[in-house]
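The values are calculated or read from the model by the stated rules, or taken from the named source; none is laboratory data. Quick caveat, the model's predicted, so the values are computed rather than measured. For neighbour counting, all protein chains shown are included, and Cβ atoms are generated from backbone atoms with ideal geometry for every residue, glycine included. Side chains are part of the model used for accessible areas, which takes the heavy atoms of the whole protein and leaves out ligands, DNA and RNA. Shrake-Rupley method; radii C 1.70, N 1.55, O 1.52, S 1.80 Å.
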Amino acid sequence: MEPSPLFTALTGYAGSRHWQYIYPVWSRRAGGLSIGINLHPNHCCNWHCLYCQVPGLQRGPSPTIDSRQLIQELTDCLNWLSQHCAPLTLKDCVQDVAFAGDGEPTTSPQFAEVLCKLIELLSQRRPDERPAHVRLITNGSQLQHANVQHALKLLDEIEGEVWFKLDAGSDGEMLAINDTHLPLSLHLQRLQTCCTLCKTWVQTAVVSRITDGELTTTPSLPGYIDALQSVKEEISGILLYGIARQSQQDTKGCLHATPAEVLEEYAERLRTLGVCVRVFQ
Ligand code: SF4
């Protein structure tokens, strides 16, 4: 799906406005134009995924966000879109506004505050002048915290949804792919918690890489399918995608483009669980 002229024009406008927190993206998984909210312009994340596309990614604390400026930038962006999307409505042209950015959104102590302000902003706009969805794209690592759980309830109240990262079928794969020592069992508990709070999709990167001279693909299907057994009734489905764009991390050349037939094989197996699976090459 080629980027729309509206996206190209908005990218030019965003560049001229020097927004710090808001950015347009042409998203395979969202199915078109997405407006990203970046709570980590310092490129800090608590994970360090092998395929991450954030340049200069580092570990470190979340920065202080000027939430007033963030909302001003988003207002500017939505107003520009309203003026330029005719004869369509903004809702027709913008698939979502998504918390994503250059780090894990829920590690920001201001995540809930910014979400509240976003909800207030959207409530002031006509329904057809709002993006079609509000989403949180998360690695799920902060779901044990009351403030994050509270925020997810608010997200649920506006019919938002969560895309929850699950790239592994074992502790070893979580370490190899996400560079976290978090046990998979604990990660799955957090996924279950997430499902009780808000509509939740699992998002999984199927990663092909050379290790010890052999091409391996993660997550390993037996472990991954086992992991999904406990949540398959609760999740809305799985967003399965291959690594299409160049990683910005030092992968020492081990990453390979995920073959389309491998993705399809994964999808076939997962559908036997009775789960909705969407594949993005
Ligand atoms: S969780 Fe997201 S931002 Fe953080 S390292 Fe992984 S892909 Fe990058």
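Note on region 24-103: Cα convex hull, mean projected area over all directions, 5.9 nm². The angle separating the long axis of helix 184-197 from the principal Cα axis of greatest extent in the chain is about 40 degrees. By DSSP, the beta bridges lying fully in the chain are antiparallel in about 30 percent of cases. Gly140 sits among other residues whose Cβ lies under 12 Å from its own Cβ, and their net charge, with Lys and Arg +1 and Asp and Glu -1, is 0.
Sorted from greatest to least, the principal axis extents spanned by the alpha carbons of region 1-154 come out as 44, 31, 26 Å. May I ask which residue of Pro259, Ala176, Gln83 lies farthest towards the positive end of the charge dipole of the chain, with charges of +1 (Lys, Arg) and -1 (Asp, Glu) on Cβ and the Cα centre as origin? Working it through, the farthest residue towards the positive pole turns out to be Gln83.
Treating each Cα of region 73-170 as an identical point scatterer and summing with the Debye formula, the log10 of I(q)/I(0) at q = 0.17, 0.22, 0.23 Å⁻¹ comes to -0.78, -1.16, -1.23.
In this structure, the residue pairs whose Cα-Cα separation is over 21 Å, taken from Lys165/Lys252; Lys165/Lys199; Lys165/Lys232; Lys117/Lys232, are Lys165/Lys252; Lys117/Lys232.
Taking every DSSP beta bridge that has both ends in region 162-281, the antiparallel portion is near 35%. Both radii are taken from the alpha-carbon atoms of region 221-281; with Rh as the Kirkwood radius, Rg/Rh is 1.04. Taking 1.306 mPa s as the viscosity and 10 °C as the temperature, the Stokes-Einstein diffusion coefficient of the chain based on its alpha-carbon Kirkwood radius rounds to 82 µm²/s.
Around the Cα centre of the chain, unit charges on the Cβ atoms of Lys, Arg, Asp and Glu (plus for the first two, minus for the last two) sum to a dipole of about 420 debye.
Angle of helix 260-271 to the longest C-alpha principal axis of the chain, folded into 0 to 90 degrees and rounded to 10: 90°. Helix 67-84 and the long axis of the chain differ in direction by around 80°, with both axes built from C-alpha atoms.
Looking at region 144-221 alone, DSSP beta bridges between its own residues are antiparallel in about 50 percent of cases. Per residue, the chain exposes 45 Å² of solvent-accessible protein surface, assessed with a 1.4 angstrom probe and all protein chains in place.
What percentage of the solvent-accessible surface of region 5-280, computed with a 1.4 Å probe over protein heavy atoms, is contributed by carbon and sulfur atoms? Taking all protein chains in place, region 5-280 shows 50 percent carbon and sulfur surface.
Here region 116-264 is described by how far its Cα atoms reach on the three principal axes: 57, 30, 28 Å, from widest to narrowest.
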